[in-house]
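Following: one structure in structure tokens, then a few remarks.
The values are calculated or read from the model by the stated rules, or taken from the named source; none is laboratory data. Quick caveat: nothing in here was measured; it's all calculated off a predicted structure. In this analysis, Cβ positions are derived from the backbone assuming ideal geometry, glycine residues included, and neighbour counts consider all displayed protein chains.
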């Protein structure tokens with residue numbers, strides 16, 4: 001009897017052991033149904049990720065019932081990005097305490113703190129979009145999500161650019177900051193961006209059956225619409241009515257500003273900054289500031305809380321905002337700006353923004369913009385190197401004059417410059433310098449960033465004309481790995497070098513740093529003697545003259561996500577609601 005019991009116990013142990021072994025073997029081979037489902041969904045969510053391992057690691061916390069919900073994975077990716085930005089913010093504070101006595105480093109670190117706060121704001125918008133909507137509505141706001149996530153990476157770029165690599169101390173701080181924090185901000189945010197970019201395919205593989213069309217292809221040219229004033233759809237109805245008045249003859253008499261600025265004392269305020277300080281707390285309506293004729297020698301920042309400002313002058317020849325800060329005088333690029341806008345929905349009209357540092361000042365910004373869904377109309381932006389800093393978010397420029405020498409339209413944003421005049425100026429050519437119009441700083445393939453110039457006139461200033469064939473002038477150069485620029489329906493003067501595009505001189509002996517094979521530079525339907533592409537650069541990244549179908553991606557309706565779509569009206573039609581003249585599609 002004892003022998004039988006012992007045999008039975010041994011048999012039972014063996015059976016249990018076999019069962020446990022089978023279970024373990026099943027789990028090892030991923031054949032457990034729950035594990036198998038989670039692994040399958042992880043593969044789907046990460047299918048477009050540039051860093052597959054990081055994507056899987058970031059999303060692996062999504063378990064249980066949430067593992068079948070694509071929203072849960074997006075939320076996890078946004079949270080991971082947020083955690084990394086908070087870490088970067090805290091590190092910038094710690095480094096400021098350690099190195100605060102070094103002026104250059106302190107300035108750069110203070111900028112980093114501000115930029116990381118803006119990054120958190122963008123991530124809050126992303127988080128709210130996922131939290132407050134079902135997956136179909138999240139899909140409909142893919143363009144917004146891509147913009148906000150791209151902005152986070154743009155802010156990280158801006159932080160890195162604030163340090164002076166020629167200064168050993170600042171370079172060391174920058175490297176420490178990058179290795180311990182900022183690198184992770186970009187890598188983890190890129191995971192969320194890659195997921196959102198491929199969301200249409202992802203949802204189809206989750207067998208979600210609502211009508212899914214990739215947002216970036218939502219509008220073809222035949223579907224593009226404008227209102228009877230020719231305005232695109234991303235400007236508010238109240239703003240549209242206001243700007244409609246501003247298209248009429250004698251429009252200033254029909255506008256009732258909330259604040260009047262006059263440096264001769266005839267207005268409510270003598271400075272623009274004082275008028276901005278009058279902005280009502282919590283205001284969401286259009287707030288109108290009229291800046292009378294005069295030269296305003298002041299450095300201005302529109303704070304992020306001052307949304308929906310319309311600031312207009314008596315014309316770009318009469319209302320001038322001027323400054324002269326520059327890098328050669330010890331100010332980093334971001335802080336050289338004469339006028340900085342950080343608020344959503346800003347409109348500037350009939351004014352000049354200039355930086356008078358001259359070519360010897362090197363980086364000297366006239367206008368810096370990070371305000372999403374913002375526009376300048378009928379303005380002059382005047383400088384030499386780095387004139388217009390289109391730093392982040394969606395931006396629109398119409399009927400403007402933009403002048404400069406080197407990289408004078410630069411940044412990491414979704415920018416469209418339409419029906420404007422681009423003037424290339426004469427700089428200092430003692431050191432074999434040359435002119436470059438566009439320098440986009442996009443580092444990642446799925447960012448919705450780049451600079452588009454449409455229906456513009458690209459010309460040399462009078463002082464450059466005698467030397468226009470000896471001084472080389474180019475349309476653009478690849479600043480970062482995925483730099484993007486498109487010139488279309490524009491008239492290009494004969495002074496533009498036949499190559500059209502160029503590289504960075506300091507990188508010509510460093511092939512590993514060249515971006516000419518990964519960038520995206522293209523032209524479409526341009527005219528003028530400089531539009532001949534027969535002898536353009538032979539880079540892989542130069543796409544030549546693209547098709548109309550391809551060029552459609554860079555019209556306002558799609559590039560700025562400015563056309564009608566299925567999401568609530570309050571979230572879209574921003575260009576239309578700004579009430580500035582524009583067209584959503586092609587000029588012709």
**OP:** Please determine, by comparing only the residues of the stretch 96-115 that are assigned to a helix (DSSP H, G or I) and over 12 Å from residue 162 (Cβ atoms), which one is modelled with the lowest pLDDT.
**Re:** 103
Original post:
For the stretch 486-494, does any single residue satisfy the condition of being touching a strand residue (DSSP E or B) at 6+ places or on another chain (Cβ under 8 Å), assigned to a loop (DSSP other than H, G, I, E, B) and at pLDDT below 95?
Top reply: no
**OP:** Check off (1) part of a helix (DSSP H, G or I); (2) surrounded by 21 or more Cβ atoms within 10 Å (Cβ to Cβ) for residue 57 and give me the number that stays unchecked.
**Re:** (2)
Original post:
What are the residues in the stretch 280-308 that are more than 18 Å from residue 367 (Cα to Cα) and in contact with a strand residue (DSSP E or B) (Cβ under 6 Å, 6 or more places away or on another chain), if any?
Top reply: 286, 287, 288, 290, 293
Subject >> Qualifying residue in the stretch 149-158 (condition: under 23 Å from residue 329 (Cα atoms) and in a helix (DSSP H, G or I)) >> reply: yes
Subject >> Residue satisfying condition, being surrounded by fewer than 21 Cβ atoms within 10 Å (Cβ to Cβ) and either closer than 26 Å to residue 203 by Cβ or touching a helix residue (DSSP H, G or I) at 6+ places or on another chain (Cβ under 6 Å) (or both), within set 136, 98, 93 >> reply: 136
**OP:** Tell me which of these residue 143 doesn't satisfy, since it passes every other one: (1) in contact (Cβ under 8 Å) with a residue 60 or more places away in the chain; (2) part of a loop (DSSP other than H, G, I, E, B).
**Re:** (2)
Subject >> Selection within the stretch 398-412 - in contact with a strand residue (DSSP E or B) (Cβ under 6 Å, 6 or more places away or on another chain), touching a residue at least 60 places away in the same chain (Cβ under 8 Å) and under 27 Å from residue 360 (Cα atoms) >> reply: 401, 407, 410, 411
**OP:** Mind listing just one residue for me: the one in the stretch 351-365 that is crowded, with 24+ Cβ neighbours inside 10 Å and touching a helix residue (DSSP H, G or I) at 6+ places or on another chain (Cβ under 9 Å) and, of those, farthest from residue 439 (Cα to Cα)?
**Re:** 357
**OP:** Give 105, 81, 68 a once-over and let me know the one that is in contact (Cβ under 8 Å) with a residue 12 or more places away in the chain, in the same structural domain as residue 200 (by TED's automatic domain parsing), over 21 Å from the mean Cα position of the chain (by Cα) and surrounded by 19 or more Cβ atoms within 10 Å (Cβ to Cβ).
**Re:** 105
Subject >> Residue ID - surrounded by the fewest Cβ atoms within 10 Å (Cβ to Cβ), chosen from residues in the stretch 306-348 that are in a helix (DSSP H, G or I) and under 20 Å from the mean Cα position of the chain (by Cα) >> reply: 335
Subject >> Any pair with Cβ under 7 angstrom, 6 or more apart, that starts in the stretch 497-511 at a residue that is in a helix (DSSP H, G or I) and ends at one that is modelled with pLDDT under 95 >> reply: 507/513; 507/514
**OP:** Return yes when residue 392 is out of contact with any helix residue (DSSP H, G or I) (no Cβ under 9 Å at 6 or more places or on another chain), within 24 Å of residue 311 (Cα to Cα) and at pLDDT 95 or above and no when it is not.
**Re:** no
**OP:** Give me a count of the residues in the stretch 444-458 that are part of a strand (DSSP E or B) and crowded, with 21+ Cβ neighbours inside 10 Å.
**Re:** 6
Subject >> Answer from 395, 363, 385 - the residue that is in the same structural domain as residue 263 (by TED's automatic domain parsing), in contact (Cβ under 8 Å) with a residue 24 or more places away in the chain, under 27 Å from residue 107 (Cβ atoms) and part of a strand (DSSP E or B) >> reply: 395
